[in-house]
Structure formats: structure tokens, C-alpha cells
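Everything on this sheet refers to the single structure shown next.
The values are calculated or read from the model by the stated rules, or taken from the named source; none is laboratory data. Here the structure is a predicted model, which is why all the values come from computation and not from measurement. Here Cβ is always computed from backbone atoms with ideal geometry, including for glycine, and neighbour counts include all displayed protein chains. The accessibility values were calculated without ligands, DNA or RNA, using every heavy atom of the protein model including side chains. Shrake-Rupley method; radii C 1.70, N 1.55, O 1.52, S 1.80 Å.
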Amino acid sequence: MASVFRRRITDHFVSTFKQYLKKEEKVIFWDTLPLSLKLNQPKFSSPQFEISWKDVLKLKPELQERIHLNTVMTYLKNKEFPTFDGITDIFTDHVNKEKIVFTVDQELFSSSIILDIIRNIGRIPANSTFFRNIPPENFIVEYSSPNVAKPFHFGHFRSTIIGNYIANLCKYVGHKVTRLNYVGDWGLQYGILAVGFNKFGCKEMLQKDPLNYLFEVYKKANEQNENNPTFNAEAKMYFKKMEEGDPEVLALWKKLRDLSLKEMDITYKRLNIYFDEIHGESMYADKVDEIYDVLIKQNLVICNKDGSIEAFISGENDNTEKEKVVLRKNDGTSLYLTRDIAAAIDRWKKYHFDSMFYVVDSTQKSHFKHLTHFLKSMNCPWANDIQFVPFGRILNFSTRKGTAVFLHDILDEAKERTLENMKNSPTTKITENLDEVAEILGISSLIINDFSLRRKRDYPFDWEKVVNVKGNSGVSLQYCHARLNNIKENCGVDLSLDCILTSLIEPEALALIQQLARFDEVIYNSYIDLEPCVLVHYLFTLRNDIGRAIKVLPVKGSSLYVAKARLLLFHAAHLVMQKGLELLGITPLNKM
């Protein structure tokens with residue numbers, strides 16, 4: 001991207017005061033200053049990189065006493081412009097005299113940006129100054145994590161798509177990523193479900209529609225559990241038998257689990273989601289005794305006479321009342337927290353991760369506070385490498401059928417609404433595979449709608465906004481991608497890197513090139529905050545610039561010299577839009 005110019009400008013800049021820097025300080029400046037350079041391109045002007053002298057002094061305040069900005073500017077202006085490496089001028093801003101502005105050669109800038117994208121789109125971060133100090137590491141991303149006995153609801157959808165984006169992004173940056181789905185397949189809810197199924201379940205109905213039927217059984221069983229003490233006692237006893245390894249009860253548990261996972265896999269395939277590992281809480285049912293032994297031996301918990309194990313954890317500050325945390329019930333059965341401790345330790349032993357991300361809703365903040373507390377108390381030095389990645393809730397959600405229960409119902413409705421819009425739209429150009437295209441567009445709309453807001457925000461769900469054809473929507477991004485593909489396929493010009501880009505002088509062309517130059521910076525900012533909305537809003541802006549450029553830069557009908565340059569520009573824009581959609585977990589469409 002623009003990294004080559006960032007490095008060149010930094011070299012010129014630091015050379016004016018490097019005699020005042022120690023060796024290690026020079027390294028810091030060379031690594032940090034390129035990130036502080038702000039790219040700007042005023043209309044009818046060359047590309048500019050701006051930096052504030054205050055940002056320089058933040059890195060080494062003592063410079064203020066050793067060298068003045070006027071001296072730095074004098075040194076820089078003594079160079080011959082344009083320089084051999086494409087810097088055409090330097091000056092201070094006429095309003096803010098502490099802002100230093102470097103201008104660069106437009107033709108060199110344009111060709112550098114376009115060719116870098118075309119040649120390196122698959123490994124942009126590897127060549128970017130923004131990622132210079134981010135070494136490849138070993139990451140685990142745990143996401144989705146539905147409960148087998150409960151519906152795959154929209155909260156799990158958020159975890160699934162956000163976690164998938166984080167995994168895609170970290171892999172693109174250069175990390176080794178293990179995608180982990182930690183399925184909730186253990187706990188008292190299975191005792192409730194199993195007792196309910198044994199009492200009023202139907203094997204034929206289970207085979208016919210596993211997820212919906214299990215949910216209906218669970219609702220009825222849970223109602224019994226809340227109102228019938230005898231049923232509650234049976235459910236607790238059933239789960240206790242599961243933990244004790246009773247073959248008969250485990251056989252039913254396995255059957256219900258496998259049927260549920262099989263149905264969930266269909267939904268994951270619709271979303272184009274895959275996992276490297278699918279683990280379950282059940283994997284750690286026989287590991288919790290080891291956890292109890294360590295906690296007891298290190299005096300981290302209290303063993304009560306009734307058989308329960310608990311601890312008291314301090315609040316956010318020393319003045320708050322300590323919080324009681326139960327790790328084992330009085331009937332000897334384990335809890336989610338205990339199994340999560342065992343899972344974290346097992347993952348460390350197996351993967352030796354540098355970071356492990358838990359992508360879960362914000363209501364689980366307290367759980368992860370407890371998890372890290374116990375891991376640190378158990379002298380696990382890697383406990384600080386666990387990151388809780390919270391997200392907000394979706395409010396007021398419903399479908400035409402009423403309140404949605406299963407994710408596949410939501411995907412179906414998104415597809416149906418999109419199909420209606422496509423059939424009623426005069427701009428729809430495809431006549432084949434309408435169902436397949438509507439499916440992809442519906443999922444694109446759901447993902448972009450979710451990612452258009454900050455991850456931690458709660459938001460009200462609005463179907464009209466989700467499937468909106470115009471404005472900031474998944475459909476509009478897909479339309480832009482398909483439009484660029486159409487230009488490439490039907491312009492009548494062969495794509496070639498062997499062309500001269502001096503004809504790209506229109507303001508719309510230059511604005512698009514500048515937007516393309518920001519791609520690695522956007523990826524960096526999204527990566528630092530683990531925020532998909534950073535990339536989504538960039539793609540919205542890119543779409544607008546592409547639309548303006550297409551209107552005034554025809555490829556077909558232009559002279560070959562001009563057409564080849566414009567086609568190369570649109571090809572680079574197409575690659576960036578395609579990569580952006582893929583990182584977001586969206587299948588780009590070539591025709592709509």
C-alpha cells in the first residue's frame with residue numbers, strides 16, 4: 001500500500017535529528033513514525049502525508065530542548081525536490097504551523113498502490129509498516145459455542161460471525177489460528193431434557209426434526225422442572241449419573257448430542273463457517289476432580305460439610321463485598337466454571353497458545369473474571385493471555401412467524417425477503433440460481449447489518465434495514481462487487497500490468513486510489529480493536545468512491561491507453577472489495 005512512502009518520509013525526517021537519538025530510540029522512531037503519518041489528498045493536489053511535531057516529541061520529549069522544528073524544516077528544505085524516491089515537496093501547514101506536510105509524486109503513488117494490491121492482496125499485512133512490530137503468533141479463537149439442549153439463537157449467531165471474522169483477520173495478519181467451537185453439551189439442562197424425553201418424548205419425531213423437537217421437549221420439561229420438585233430431583237439425579245459414567249444415561253445423552261450437532265452442521269455450512277476443532281464441556285467432566293484437588297491443596301476454596309466447594313472473590317476494589325463463587329454443588333456435580341478451568345488448562349497443554357480469545361456476549365463478563373482469577377491463583381502464567389471479546393445483544397427480534405427460535409428460521413426469512421426484492425427489482429440481471437444468490441445475499445445482509453455497529457453495542461433489529469437494497473447494506477456492497485466484475489468481463493479490454501497510469505488524473509480516480517491506499521491501515525485498526533465495523537465502514541466509503549469513479553471513467557469506448565489504466569484501477573478496487581467481504585465471512589457474488 002502506501003508503506004513505501006511512509007518509510008521514505010520517515011527516513012528523511014529522522015535523518016534531521018538522529019544524532020540526538022540512541023540506537024534503540026532510532027529503531028522506535030523508524031517503527032512508530034510511519035504509523036503517525038496521516039494520508040490526505042486535497043482536490044486537484046498531489047497525495048500528502050501529514051505529521052504533527054507534537055507526535056514526534058511524544059516519542060522523545062527531550063528533543064524539544066535539543067532541536068527546534070524550524071531547524072528540522074531547514075534541513076529538510078535543503079534537499080533537492082523532487083527527491084529520487086518520489087517526495088516532491090515539504091512545508092508546514094499554513095494554519096497549524098506544527099503540522100509538517102510531505103507531498104509525493106502522483107504517478108509513482110498511483111502505480112505503487114495499484115500494483116501492490118494486484119501483486120500482494122493475499123499478504124498485504126506482511127508488507128505493511130503497520131504490522132512491522134506484530135510477529136506471527138499462535139492464537140485460539142473460541143466462538144459460536146451453542147448449547148445442544150437449547151436453540152441456536154441469534155446470540156450464538158453473533159458469536160459465530162464475530163469469531164469467524166476475528167479468526168479470518170488474525171490469519172490474514174499472519175498468525176496461526178485454531179478455530180474452536182466449544183459446544184455446551186453437559187450440565188443440569190441435559191438431566192432436564194433427558195428426563196423429559198423419557199417421560200413424554202417420541203423417537204419418531206426426534207428423527208424427523210431433531211432441533212425443533214428437542215426444543216419443544218425441553219420447554220415442556222423445563223416447565224415441569226420449575227413447578228414440580230419431584231421432576232427437579234429426577235433431573236439432578238440423572239445428571240449425577242451422567243457424571244458418574246452410567247452407560248445407559250450416557251447412551252441417550254450421546255444420541256441427543258449427535259443429532260443436534262448434525263443439524264447444527266447444516267446451519268454452519270449455510271454460513272460457510274468451519275472449525276478446526278469441535279470440543280464439548282463433556283470432555284472435561286472427568287477432569288474436574290483434578291481441578292478441585294489443586295484448588296483445595298492451594299487453599300483457594302472452601303469445602304463445606306454438605307459436599308459443595310466455593311470461594312470468595314474480591315470485587316473491582318477492596319471496598320466492595322466479596323462475591324461467593326460455587327465450583328461444585330452439594331450433590332457432587334460440577335459447574336460450567338469448573339469445566340471451563342479444566343478446558344483452559346487442557347488447551348494450554350495442547351496448543352501452547354500466545355493468545356486465546358473467547359467471543360461471547362457481554363453478560364458473561366463476570367464468568368471470565370472468575371475464570372482468570374482462578375487460573376492466576378493456580379499459578380498459570382498464561383492466564384493473562386486469555387482475552388474476553390464481548391458483544392452486545394440484539395433487541396426486539398422477530399420473524400414473520402413470530403419470535404425467532406432457531407437460526408435457520410432467521411436465515412430462511414432473510415433469503416425469502418431477499419428473493420422477493422430480487423423478483424421485484426428491475427436491476428436484477430440473473431435468471432438462474434436465484435435461490436442460491438438470494439441465500440448468499442440474505443446472509444450478507446445479516447452479517448453487514450450486525451457489523452455496521454460497534455461490537456459491544458446492543459441494537460434493535462429491523463428487517464427493512466437488513467434487506468435494504470440501497471444505502472449501507474450487504475446488498476449494496478455485493479452489488480458494487482458484481483458491478484466491478486461486470487466491467488472486467490465485458491469491457492472488451494485485456495487486463496495487463498503493462499500499462500501507463502498517467503491518464504488517471506480525474507479527481508474521482510485519485511480519490512479512489514487514495515481510498516485503496518488506506519486498506520492496510522484499516523485492517524490494522526480493525527485488528528487492534530477486534531472491530532469488524534472498522535472494515536465495514538471502510539467498504540461503505542470505498543463503494544461510494546467506486547460508484548463515483550465508474551460514472552466518469554468508462555473503460556469500454558475509451559482509447560486503449562486510457563482504458564487499460566482504468567481497467568487496472570477497477571481491478572485493484574475489485575480485489576480490495578473481494579478481500580474485504582471474504583474477511584467478513586461473506587461469499588462475494590460476481591453476478592446479481
- prompt: Counting only protein heavy atoms and using a 1.4 Å probe, what share of the accessible area of the chain belongs to carbon plus sulfur, as a whole percent?
  reply: 49
message: Could you tell me the relative contact order of the range 200-273? Use alpha-carbon pairs under 8 Å, at least six residues apart, and round to a whole percent.
response: 28
- request: Might you report the magnitude of the Cβ-based charge dipole of the range 233-388 about its Cα centre, with Lys and Arg at +1 and Asp and Glu at -1, to the nearest 20 debye?
  value: 120
- request: With a cut-off of at most 16 other beta carbons within 10 Å, and DSSP calling the residue loop, which chymotrypsin sites (Phe, Trp or Tyr not before Pro) in the range 77-183 qualify? Please list them.
  value: 84
message: Tell me the accessible surface of residue 266 in square angstrom (1.4 angstrom probe, heavy atoms of protein chains only), to the nearest ten.
response: 90
statement: Note to self: C-alpha centroids of the range 260-278 and the range 417-444 sit apart, in Å, by 24
field: Distance in nm between pseudo-label sites at residue 272 and residue 292 (7 Å out along the Cβ direction from Cα)
entry: 4.8
query: How big is the accessible area of residue 88 in square angstrom, nearest 10, if you roll a 1.4 angstrom probe over the protein chains?
result: 40
field: Accessible area expressed per residue, the range 372-524, with surrounding protein chains retained (probe 1.4 Å, Å²)
entry: 47
- prompt: From the cross-link list 220/255; 199/415; 429/556, which pairs have alpha carbons spaced over 26 Å apart?
  reply: 199/415
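What percent does the relative contact order of the range 1-109 come to when contacts are Cα pairs within less than 8 Å and at least six residues apart?
28
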- request: Keeping all protein chains in position, work out how much accessible area residue 480 exposes to a 1.4 Å probe, and write it in Å² to the nearest 10.
  value: 10
Pair residue 351, residue 58: separation of 7 Å Cα→Cβ label points (nm): 3.3
statement: When the charge dipole of the range 103-185 is computed with +1 at the Cβ of Lys and Arg and -1 at the Cβ of Asp and Glu, the Cα pointing farthest to the positive end, of 115, 172, 140, is that of 140
field: Dipole moment magnitude, nearest 20 debye, the range 1-106 about Cα centre, only Lys, Arg, Asp, Glu C-beta charged
entry: 140
task: Work out the length of the dipole vector of the range 161-220 about its Cα centre, built from +1 on the beta-carbon of each Lys and Arg and -1 on the beta-carbon of each Asp and Glu, and round it to the nearest 20 debye.
output: 140
query: Is the shape of the range 215-254 best called rounded, prolate or oblate, per the rule: a/c under 1.5 gives rounded, else a/b larger than b/c gives prolate, else oblate, with a ≥ b ≥ c the square roots of the Cα gyration tensor eigenvalues?
result: oblate
- line: Those GluC sites (Glu not before Pro) from the range 243-346 that are DSSP loop and have at most 11 other Cβ neighbours within 10 Å turn out to be 316, 321
- prompt: Normalised by the residues of the chain, what does the relative contact order come to in percent, with Cα pairs under 8 Å and at least six apart?
  reply: 15
message: Of 303, 161, 313, which is farthest towards the positive pole of the range 158-313's charge dipole, taken about the Cα centre with +1 and -1 on the beta-carbons of Lys, Arg and Asp, Glu respectively?
response: 161
query: Within straight cross-link reach of residue 579, meaning Cα distance under 18 Å, which lysines are found once same-chain residues fewer than 8 apart are removed?
result: 171, 488, 591
message: When a/c reaches 1.5 or more, the comparison of a/b and b/c decides; with that in mind, is the range 225-380 rounded, prolate or oblate per its Cα gyration tensor?
response: oblate
